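Structure first, commentary second.
The values are calculated or read from the model by the stated rules, or taken from the named source; none is laboratory data. Bear in mind that the values here come from a model prediction, so they are computed numbers and not experimental data. Ideal geometry is used to build each Cβ from the backbone, glycine not excepted, and the neighbour counts take in all protein chains shown.
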Amino acid sequence: MDAYRIAYDGRAYRGFQRQPDVPTVEDAILDALAALGVGDERVPAGYAAAGRTDADVSARAQTVAFEAPEWLSPAAFNAELPADVRAWARADAPEGFHATHDAVAREYVYHLHAPDADPDRASAAVDALAGEHDFHNLTPDDEGTVRDLSASLAVDGDYLELTFRAGGFARQLVRRLVSLIGAVATGEADLDRVERALAPEPLPGHEGIPPAPAYPLVLADVAYPSLAFVVDEDAAESARDVFGERRAEWRTRARVAGEVLDGL
C-alpha cells in the first residue's frame, strides 16, 4: 500500500469526488491510473482519498492511497495526470491503511479578500469560534457537527488568511465560518452573532449564514502519524512550474483588469 500527496487547481473541476457526466479531480486520478495499467478494475485495490473537496476548491496535500506497483513514483503518476493535477510525494503505508479514516487532522486555508475588514474584529471572531463547539448552525449536515477547531488569522494586505484545523469538517463548515468572520470583520454583524451561531437553538432561515465562495479555499494539509512522505523532486518541480505559470497568468489578468478599472 502506498499513499500519494496530490496538489490541484480546483477551478476546472466539479469537486474531488466522482460524479456522472462532469469533470472531477478523482476522475482525473483514476483515469491516469487506468492509463498506467494500475489495478485490474476501475478503482485500484484499497483505494481511498483523504476527503472530498467542493467544486472550485484547490488542494496542496490531498492524499490518495491504494495498492501501487513499486515503479509508480509521483513523477510516473504525473505522466498521465492533467497539468492542473500533480502528484509530488509518496509514502509507504501499513497494511490496512485507509486514507480517509486514518487521517487525524485536516487543515484548510481560506484567502478572504476583505480590504474594509477590521483585523481586531476578525481576530475576536476567530478566537470565539476556536475550540470545541457544536457547529450545527454552520453546516447542512445533521450529524458530525461537534468539532474541536483550531483557527488562526494572518493579515496580508487586503487579505485575511484564515487557517482552520480539525479532525474533520462537516459540509460547508469552513466556508460558513469564513462568511461569519467576514461579516463581523467588516461590521456587517456584531460579535454576538458568533455566540448566536454557536447556540443550541437553530437559526431561522432569514438569519442563516451562507457559505463563502469556494475558489479561495485550499486543502493545505492532511496529517497521518504513521506516514513519512518523501518528496519526489522531479514531480515537485513539475508542480512548481505548473502553479508558478498559473500565478503569473492570473497576476497578469489582474493587472489588465486594473488598467481597465483605473481608466473608468
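Applying a threshold of 6 Å to beta carbon distances and a minimum spacing of six or more residues, or different chains, the list of pairs starting in the range 30-49 at a residue that is closer than 11 Å to ALA65 by Cα and ending at one that is at pLDDT 95 or above and basic (Lys, Arg) is empty.
Of all residue pairs spaced 6 or more apart or on separate chains, those with beta-carbon atoms under 8 Å, a first member in the range 111-122 that is within 17 Å of SER152 (Cβ to Cβ) and a second member that is of a type in the set (Phe, Trp, Tyr) and surrounded by 13 or more Cβ atoms within 10 Å (Cβ to Cβ) are HIS111/TYR159; LEU112/TYR159; ALA114/TYR159. Being more than 17 Å from the chain's Cα centre (by Cα), outside any loop (DSSP other than H, G, I, E, B) and among the aliphatic types (A, V, I, L, M): is that true of LEU33 here? So LEU33 fits the description; yes.
Considering only residues that are in a loop (DSSP other than H, G, I, E, B) and acidic (Asp, Glu), look in the range 45-103 and name the one that is farthest from ILE29 (Cα to Cα). That would be GLU95.
Comparison of VAL222, VAL218, VAL194, VAL230 shows that the only residue that is surrounded by fewer than 19 Cβ atoms within 10 Å (Cβ to Cβ) and either out of contact with any Gly (no Cβ under 6 Å at 6 or more places or on another chain) or more than 24 Å from ASP9 (Cβ to Cβ) (or both) is VAL230.
Quick check: is even one residue across the range 139-146 of a type outside the set (Val, Ile, Thr) and either surrounded by 19 or more Cβ atoms within 10 Å (Cβ to Cβ) or touching a residue at least 60 places away in the same chain (Cβ under 8 Å) (or both)? Checking the range 139-146: not a single residue is of a type outside the set (Val, Ile, Thr) and either surrounded by 19 or more Cβ atoms within 10 Å (Cβ to Cβ) or touching a residue at least 60 places away in the same chain (Cβ under 8 Å) (or both). Checked against (1) touching a strand residue (DSSP E or B) at 6+ places or on another chain (Cβ under 8 Å); (2) small (Gly, Ala, Ser); (3) at pLDDT below 95, GLY182 passes all but condition (3). Would you confirm, using the coordinates I've provided, whether GLU107 is closer than 25 Å to LEU203 by Cβ, out of contact with any Cys (no Cβ under 6 Å at 6 or more places or on another chain) and charged (D, E, K, R)? So GLU107 does not fit the description; no.
Residue count for the range 1-39 under the criterion of being out of contact with any helix residue (DSSP H, G or I) (no Cβ under 8 Å at 6 or more places or on another chain), buried (at least 18 other Cβ atoms within 10 Å of the Cβ) and among the β-branched types (Val, Ile, Thr): the result is 3. Annotation: of all residues in the range 159-171 being over 20 Å from ALA223 (Cβ atoms) and modelled with pLDDT of 95 or more, the one that is surrounded by the fewest Cβ atoms within 10 Å (Cβ to Cβ) is TYR159. For residues that are within 23 Å of the chain's Cα centre (by Cα), farther than 21 Å from ALA89 by Cα and without any contact (Cβ under 8 Å) to a residue 60 or more places away in the chain, tally how many sit in the range 214-264. Qualifying residue count for the region: 5. What is the one condition in (1) modelled with pLDDT of 95 or more; (2) more than 24 Å from PHE164 (Cβ to Cβ) that LEU217 does not satisfy? Result: LEU217 passes all but (2).
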